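Shown next, in structure tokens, is the structure this report addresses.
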Amino acid sequence: MKDPCAHCEEMMQPYLDHVLTDEEMAAAEAHLAECEPCRRRYRFEESLRVYVRKAANEQMPAELRQKLAALRIPLE
Amino acid sequence: MDAEPEEAQRLATEARDRVRFEEDALALSDQVYRVARHLANSREDADELMQETYARAFRSWRSFQPGTNMRAWLLRILTNLNIDRGRRQQRAPQMQPLEANDYFLYDRLAENGDGITDEDRVVERLSQDDIVTALSAVPHDFRDVVVLVDLGDFSYSDAAQILDIPVGTVMSRLHRGRRILKRELAESALEEAT
């Protein structure tokens with residue numbers, strides 16, 4: 001039989017992307033309910049995704065905003 | 001029949017549609033930039049890419065179908081321009097070392113965590129610079145998908161349309177790209193720890 005933790009690792013990304021079938025979802029949740037190390041790792045992955053999105057969020061420079069507005073085609 | 005007033009009216013309607021299109025596109029520029037910044041290799045590249053994208057979008061506004069996803073339409077132009085700029089030639093040489101598995105980063109951070117086991121705190125061991133640098137180290141084919149889906153909130157199918165690749169390819173590149181990102185993060189976290 002497949003190592004359940006290894007299988008859980010394979011399921012992590014699809015689980016967090018909400019693309020598992022109901023059956024796969026139930027199997028993943030049953031394993032997570034009883035396996036703390038996997039649960040921690042799933043939670044870490046979730047936090048990581050939020051953190052990466054926050055850290056990578058750069059504001060557009062004001063000068064660029066003006067340059068883009070200046071590219072509009074003038075009305076005749 | 002007097003054709004001139006009709007023509008004038010047509011031109012006026014067209015001008016109004018165009019101005020509305022330009023306003024809508026500009027209103028999306030912050031969201032487009034958020035993604036463009038990491039599709040490009042640097043802030044300077046992102047700046048140029050945004051300007052080229054908007055210049056092209058304003059010229060070809062008629063090819064946008066009202067009611068469809070304008071942000072995806074703009075990013076399709078942007079990713080095509082990015083590919084045209086020849087950045088594919090800069091692709092990192094294959095093969096990259098295999099990126100362990102999906103638990104690799106957590107296990108490494110937790111090992112060096114001074115006993116910190118709270119998942120949110122473990123994440124905080126990574127700095128903003130670590131993340132931006134690690135993202136830029138992911139090869140483009142994989143990074144494009146990670147950036148569109150994880151930073152840009154595009155669905156798999158939107159990402160597939162923007163990049164003109166099958167949805168299955170989006171999924172496999174996304175999974176591999178996230179693993180490469182975590183490997184890069186693990187490396188920078190370990191460097192800091194030593």
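The values are calculated or read from the model by the stated rules, or taken from the named source; none is laboratory data. Predicted model, so just to flag it, every value in this text is computed and none were measured. Cβ placement follows ideal geometry from the backbone for every residue including glycine, while neighbour counts extend to all protein chains displayed. Heads up: the accessible areas ignore ligands, DNA and RNA and are worked out on the full protein's heavy atoms, side chains in. Shrake-Rupley method; radii C 1.70, N 1.55, O 1.52, S 1.80 Å.
Numbers below:
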quantity: Residue match in region A:66-74 (condition: more than 8 Å from every other protein chain (Cβ to nearest Cβ) and charged (D, E, K, R)); calculated: no
quantity: Cβ pairs under 7 Å, 6+ apart, first in region B:7-29 and within 11 Å of chain A (Cβ to nearest Cβ), second among the aromatic types (Phe, Trp, Tyr) and assigned to a helix (DSSP H, G or I); calculated: B:Arg18/B:Trp61; B:Phe21/B:Trp61; B:Glu22/B:Phe58; B:Ala25/B:Tyr54
quantity: Residue match in region A:11-33 (condition: at the interface with another protein chain (Cβ under 9 Å from one of its Cβ atoms), farther than 24 Å from B:Ala36 by Cα and over 17 Å from the mean Cα position of the chain (by Cα)); calculated: no
quantity: Hits in region B:148-159 (condition: open to solvent by less than 30 Å² (accessible area, probe 1.4 Å) and more than 9 Å from every other protein chain (Cβ to nearest Cβ)); calculated: B:Leu148, B:Gly152, B:Phe154, B:Ala159
quantity: Number of the condition not met by A:Ala28 [criteria: (1) in contact (Cβ under 8 Å) with a residue 12 or more places away in the chain; (2) over 26 Å from B:Ser157 (Cβ atoms); (3) of a type in the set (Gly, Ala, Ser)]; calculated: (2)
quantity: Check on A:Glu63, within 30 Å of B:Glu44 (Cα to Cα), more than 8 Å from chain B (Cβ to nearest Cβ) and among the acidic types (Asp, Glu); calculated: yes
quantity: Looking only at region B:30-50, and only at residues there that are within 26 Å of B:Pro66 (Cβ to Cβ) and open to solvent by less than 30 Å² (accessible area, probe 1.4 Å), the one that is nearest to the other protein chains (Cβ to nearest Cβ); calculated: B:Tyr33
quantity: Filter result (open to solvent by 50 Å² or more (accessible area, probe 1.4 Å), within 10 Å of A:Leu71 (Cβ to Cβ) and more than 8 Å from chain A (Cβ to nearest Cβ)) within region B:51-71; calculated: B:Glu52, B:Arg56
quantity: Which numbered condition B:Val145 misses (of (1) modelled with pLDDT under 95; (2) crowded, with 19+ Cβ neighbours inside 10 Å; (3) in a helix (DSSP H, G or I)); calculated: (1)
quantity: The lone exception for A:Arg49 - which of (1) open to solvent by 30 Å² or more (accessible area, probe 1.4 Å); (2) over 21 Å from B:Val170 (Cα atoms) it fails; calculated: (2)
quantity: Residue, farthest from B:Gln31 (Cα to Cα), within region A:45-76, restricted to residues that are among the acidic types (Asp, Glu) and within 31 Å of the chain's Cα centre (by Cα); calculated: A:Glu45
